[in-house]
Amino acid sequence: MQTAAPILIVEDDVLVRMVAAAALEDAGYRVIEADCAAEALELLAAEESVSVLFTDINMPGMDGIQLARLASERRPGLTVVLTSGYEQPSPDELPARGRFLPKPYLPEEMMAVITSIAA
């Protein structure tokens, strides 16, 4: 089941971001892309219909956990998917509507998480 609401992907590695965005777009999702937390926060403020924030944890500046916390405070209904190949957040670091997807992940694994959220 696809969602009309866009998914915001935040990833500083352009190739990883492109692959994730392409997989979601191929499945019919609308995707917005950001390469850092600051840009993501601007996009969240401008695009109130974003339903899912899909973010890497390890980014320069504000990391994905900080971004998830701040975004969830500003948008309590927002679902957040955190991803990392280096660390797994503790349960108390995940927002109330948060999930974790370890890297490396296959597009099919990412889609399974997104589909379960949209269902």
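What follows draws every value from the coordinates through simple rules; no lab data is involved. None of the values given here were measured: they were computed from a predicted structure.
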query = Once phi is turned into θ = phi - 60°, what whole-Hz ³J(HN,Hα) does the Karplus curve with 6.51, -1.76 and 1.60 give for every residue of region 75-83, x standing for Gly and Pro?
reply = 10, x, x, 6, 8, 10, 10, 9, 9
ask   = How high is the relative contact order of region 38-119, in percent, counting Cα pairs under 8 Å that sit 6 or more residues apart?
value = 24 percent
request  = Can you pull a Stokes-Einstein diffusion coefficient for the chain at 4 °C (1.567 mPa s), Rh from Kirkwood over Cα pairs, as a whole number of µm²/s?
outcome  = 93 µm²/s
